[in-house]
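Below is one structure, written out as structure tokens, with a few remarks after it.
The values are calculated or read from the model by the stated rules, or taken from the named source; none is laboratory data. No experiment lies behind these values; they were computed from the predicted model shown. Positions of Cβ are backbone-derived with ideal geometry, glycine not excepted, and every protein chain shown enters the neighbour counts.
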Amino acid sequence: MNQLRLFIHQPIAMTLLLAGLLAVGVIAYRDPPFSGQSGAHYTAVQVQTYYPRASSDVVRSAVTTPLEKRFKTIKDIKQMSSHSCVGASVITLRFERFVTLEIAVREVQAAINTADSLLPDDLETKPLLLVVQ
């Protein structure tokens, strides 16, 4: 019962305290200091290349490495990761937040086109560009 004594003997002070807490809660609810999605969106592009019947070492040296060298010339890439396996190569490129999807696709496609002469002649298809969200 001792905890309630302050509320009983000082009703005006407690009413003002509760009103202040309510006002702070309303302001915090309407204007949070952060946005739940503001830092989570990066433009990401994935390049898949299929080289049937080639071992993972051949795919890495003949496909993945030449493409990575071309992609390293793109200035706004935040992160690049690659995976080479039997018959396929997958390279994922994450761009800085300010880079739009159109710019990212255009720059990656230009890098793929310039790397075309470095890729093996017996590739069945050109590298495939996919958008990753």
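Structure data summary
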item	result
Candidate set from segment 40-56 (those that are in contact with a helix residue (DSSP H, G or I) (Cβ under 7 Å, 6 or more places away or on another chain) and closer than 12 Å to Val99 by Cα); member that is modelled with the highest pLDDT	Val45
Total residues in segment 120-133, condition farther than 24 Å from Ile103 by Cα and surrounded by 10 or more Cβ atoms within 10 Å (Cβ to Cβ)	3
Residue pairs meeting the criteria (Cβ under 8 Å; at least 6 apart or on separate chains; first touching a residue at least 24 places away in the same chain (Cβ under 8 Å), in segment 57-73; second of a type outside the set (A, V, I, L, M) and part of a helix (DSSP H, G or I))	Arg70/Thr114
Filtered residue count, segment 46-100, keeping only those that are within 21 Å of Ser117 (Cβ to Cβ) and assigned to a helix (DSSP H, G or I)	14
Segment 74-88 - residue that is among the hydrophobic types (A, V, I, L, M, F, W, C) and over 15 Å from Val59 (Cα atoms) and, of those, surrounded by the fewest Cβ atoms within 10 Å (Cβ to Cβ)	Met80
